[in-house]
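Notes for the one structure printed next.
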Amino acid sequence: MLAIVGFLIIVVMMILIFKSKALPAFCFVILPIIGALICGFSVEEISEFVVKGVTSTWPTAVLFIFSVTYFGLMNDAGLFDKMVNGLVKIAGKNVILIFIVTAVVAVVGHLDGAAATTYLITIPTMLPIYKRMRIRPTILLLLCGASTGIMNLLPWGGPTVRAATTAGVDATAMWVKMIPMQVFGIISVIIMAVFLGIREGKRIEALSPVEEDFSAASAKPSEEVLALKRPKLFWFNLIFTVLLIIALVRQWLPTYATFIVGTVVALAVNYPDPMLQQKRIQAHAPSSIMLTVTLLCAGFFLGIMTHSGMVLEMATVLIRALPDGLQRYLHYIVGALGAPLGMVLGPDPYYYGIMPIIGEIVAPFGVTLENVGHAMLIGENVALSVSPVVPPTFLAIGLAGVELKDHIKYSFIPLWILSIVMMIFAIATGMI
């Protein structure tokens, strides 16, 4: 019963979202509640599920509000102007170079293993360049997500820690065996960046002169925008932003607390007038409110689907449905399907719920649980950036100004293909 209702919730939600019949926030709240009631859970039980779910998403919601406001203030003050102008001047019309830089920045930015930090470093830095060059922001999200997924194999990354814990092995030892695959993945992302750069460059060249003139005109700042620039505070804003990023990486404070402090200080220094501060907050509030609402509503979905047992039952049904002859290859199959499975289930049920079941099924064929973990890490990691059950996904699309359905439509298939290519490499080299 739980599995059937769970599958129905996912199918109905995807149909409503992709056909633009309902907002994600509506689907995240109403559908799981209806499903839980059908399964016989009481209002008190559903309330407990919701509390647990929202508790996991509210820090990201607060982070999103203040990070969007902070980078909005830095943009108002002109911090990114010189950087954007410099990179555009160096790259010229070389879209390929811009895409390679995007991938490299995301790879370096994810050395701390935190997706939120990577998005906060990469997207605000590169988005103005994409806008100036008239490049679609969905490509920024794809490259950023691919780089993040591959770097997430680091031993301090959440998925690797989960897989190692389930397998009962050291996370670092588990990662060391995957280093060749990780290097191959980074090279693959660079190749993807080149391919996308060639294709996007042709699209930009095909734009009509009217569109080009319009874009150029819209790029000229108005007097109101110029009045907000703070060229004398450029070095303060730059150094302060660097310190903020260091604080994120070193985790001096919780991520959301770091941006709360940063936003308050940035407001006070750049715009001392309280009335102007209020106007700047109001100016950036619309950019964050909708995604904040969606994030908090996603807590309903996460809490009910996970803690009611629906997710685990769904996975178990899928696994048990395989013919006996394919069970010895189950870890390969789940690894190849890791992108869609991880996208729907989220990391905790994927590793703590499904991985032991798969390990139990393939153990008679001499496959260790660590080997199962290697296979499962590939697909789930790479496609994690399009998962609506992972809070940082909403941070990324909010920073880039892209709708969830557009992000999934553009990025999911390329990310899934990338994960399968990495799986083939891992099998061919004997890693799995």
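Take residues that are out of contact with any helix residue (DSSP H, G or I) (no Cβ under 7 Å at 6 or more places or on another chain) and of a type in the set (Ser, Thr, Tyr) and tell me which of the helices (runs of 4 or more DSSP H) falling wholly in region 1-87 contain 1 or more.
The qualifying helices (runs of 4 or more DSSP H) are 43-77.
Select from region 387-425 the residues that are in a helix (DSSP H, G or I), out of contact with any His (no Cβ under 6 Å at 6 or more places or on another chain) and among the β-branched types (Val, Ile, Thr) and write down the one among them that is surrounded by the most Cβ atoms within 10 Å (Cβ to Cβ).
THR393
From the list ILE186, ILE179, pick out the single residue that is modelled with pLDDT of 85 or more, loosely packed, with under 15 Cβ neighbours inside 10 Å and either farther than 30 Å from HIS374 by Cα or of a type in the set (A, V, I, L, M, F, W, C) (or both).
Selected residue: ILE179, the only one of ILE186, ILE179 that is modelled with pLDDT of 85 or more, loosely packed, with under 15 Cβ neighbours inside 10 Å and either farther than 30 Å from HIS374 by Cα or of a type in the set (A, V, I, L, M, F, W, C) (or both).
Hey, can you tell me all the residues within region 85-107 that are closer than 24 Å to ILE191 by Cα and at pLDDT below 80?
Within region 85-107, LEU87, VAL88, LYS89, ILE90, ALA91, GLY92, LYS93 qualify.
Which of (1) closer than 17 Å to GLU313 by Cβ; (2) at pLDDT 90 or above; (3) exposed (fewer than 15 other Cβ atoms within 10 Å of the Cβ) does GLY35 not meet, given it meets every other one?
Condition (3) is where GLY35 drops out.
Among the residues that make up region 391-404, is at least one of them out of contact with any strand residue (DSSP E or B) (no Cβ under 9 Å at 6 or more places or on another chain) and within 30 Å of ARG328 (Cα to Cα)?
Within region 391-404, not a single residue is out of contact with any strand residue (DSSP E or B) (no Cβ under 9 Å at 6 or more places or on another chain) and within 30 Å of ARG328 (Cα to Cα).
Across region 202-245, which residue is farthest from LYS82 (Cα to Cα) among those that are among the β-branched types (Val, Ile, Thr) and at pLDDT below 85?
So the residue we want is VAL210.
Working carefully through the options VAL161, VAL169, find the one that is in contact with an Asp or Glu (Cβ under 7 Å, 6 or more places away or on another chain), more than 18 Å from ALA103 (Cβ to Cβ) and surrounded by 14 or more Cβ atoms within 10 Å (Cβ to Cβ).
Exactly one residue qualifies, and that residue is VAL169.
Does PRO180 satisfy being in contact with a Pro (Cβ under 7 Å, 6 or more places away or on another chain) and over 30 Å from LEU207 (Cβ atoms)?
Judged against the criteria, PRO180 is not a match.
When only residues in region 38-67 that are closer than 24 Å to THR393 by Cα and modelled with pLDDT of 90 or more count, which is surrounded by the fewest Cβ atoms within 10 Å (Cβ to Cβ)?
Residue satisfying both the conditions and the ranking: VAL51.
The values are calculated or read from the model by the stated rules, or taken from the named source; none is laboratory data. Bear in mind the structure is a predicted one, so any value in this text is a computation, not a measurement. Counting neighbours? That spans all protein chains shown, and the Cβs are built from the backbone with ideal geometry, glycine included.
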